[in-house]
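The values are calculated or read from the model by the stated rules, or taken from the named source; none is laboratory data. Since the model is a prediction, treat every value here as computed from it, not as a measurement. Cβ placement follows ideal geometry from the backbone for every residue including glycine, while neighbour counts extend to all protein chains displayed. In case anyone asks, the SASA skips ligands and DNA or RNA and just uses the protein heavy atoms, side chains included. Shrake-Rupley method; radii C 1.70, N 1.55, O 1.52, S 1.80 Å.
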Amino acid sequence: MRSTNAAEVAWRGLAVSCAVANTVLHTLLVPDHLEEMFYIGLLFAVGSAVMLVVAGGLVVMKRPLTAWLTGVLVSLGMIVGFALSRTVGLPGGYYEAGWESPYGPLSLLVEGLFVVAFLAWLGDRAAHGAAPGLPYRADHERVPVGRGGSQEW
């Protein structure tokens with residue numbers, strides 16, 4: 001992390017911890033789910049790999065908005081998948097009863113904390129007047145003033 005803001009380091013550190021915990025929890029479940037319902041195991045494996053990349057991105061990226069958004073989408077997707085699999089079920093007749101302790105509650109905790117960390121990071125960035133992770137050159141581009149053929153800089 002190349003940040004001097006202590007709050008940003010803390011939020012990114014929390015998110016990295018959540019992403020790694022999410023990876024570990026879902027990787028432990030992959031073998032059983034591959035046998036039970038192949039596509040669920042595959043989704044767990046892909047989600048675990050993506051969250052590991054997200055954790056790395058949050059550590060090394062100077063402008064980590066892409067990593068944050070990817071992590072939030074995967075986390076929210078896992079939360080929705082968990083809820084659906086215990087209520088209406090998923091395609092192929094996949095239905096789970098109960099919380100699958102300790103994996104279910106722990107997964108929901110780290111996924112929810114990742115989203116909360118993102119929102120806190122975003123709020124902190126806004127409070128300090130920093131745009132959250134614009135592309136490298138976007139904040140340095142010169143834009144012509146006026147309309148038509150005017151080339152005033």
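To keep it simple, each residue is scored yes or no on (1) more than 17 Å from residue 19 (Cα to Cα); (2) exposed (fewer than 14 other Cβ atoms within 10 Å of the Cβ).
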{"position": "43", "(1), (2)": "no, no"}
{"position": "64", "(1), (2)": "no, no"}
{"position": "71", "(1), (2)": "no, no"}
{"position": "86", "(1), (2)": "yes, no"}
{"position": "90", "(1), (2)": "yes, no"}
{"position": "95", "(1), (2)": "yes, yes"}
Worksheet item: Under 6 Å by Cβ, and 6 or more places apart or on different chains, what pairs join a residue from the range 13-35 that is closer than 17 Å to residue 82 by Cα with one that is assigned to a helix (DSSP H, G or I) and of a type in the set (S, T, N, Q)?
Response: 23/48; 25/107; 26/48; 27/48
Worksheet item: Of (1) among the hydrophobic types (A, V, I, L, M, F, W, C); (2) outside any helix (DSSP H, G or I); (3) within 30 Å of residue 128 (Cβ to Cβ), residue 58 satisfies all except one. Which?
Response: (2)
Discussion item. Can you find, within the range 97-117, the residue that is surrounded by the most Cβ atoms within 10 Å (Cβ to Cβ) among those that are farther than 23 Å from residue 13 by Cα and not aromatic (Phe, Trp, Tyr)?
Written reply: 100
Fill in: Residue check for residue 49: over 19 Å from residue 130 (Cα atoms), open to solvent by 40 Å² or more (accessible area, probe 1.4 Å) and small (Gly, Ala, Ser)
yes
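Can you tell me which residue within the range 118-133, out of those that are surrounded by 14 or more Cβ atoms within 10 Å (Cβ to Cβ) and part of a loop (DSSP other than H, G, I, E, B), is modelled with the highest pLDDT? Spell out the reasoning first.
Looking only at the range 118-133, we keep the residues that are surrounded by 14 or more Cβ atoms within 10 Å (Cβ to Cβ), and these are 118, 120-122, 124-125, 132-133.
Retained after the next criterion (residues that are part of a loop (DSSP other than H, G, I, E, B)): 132-133.
Values: 132: 58, 133: 52.
That would be 132.
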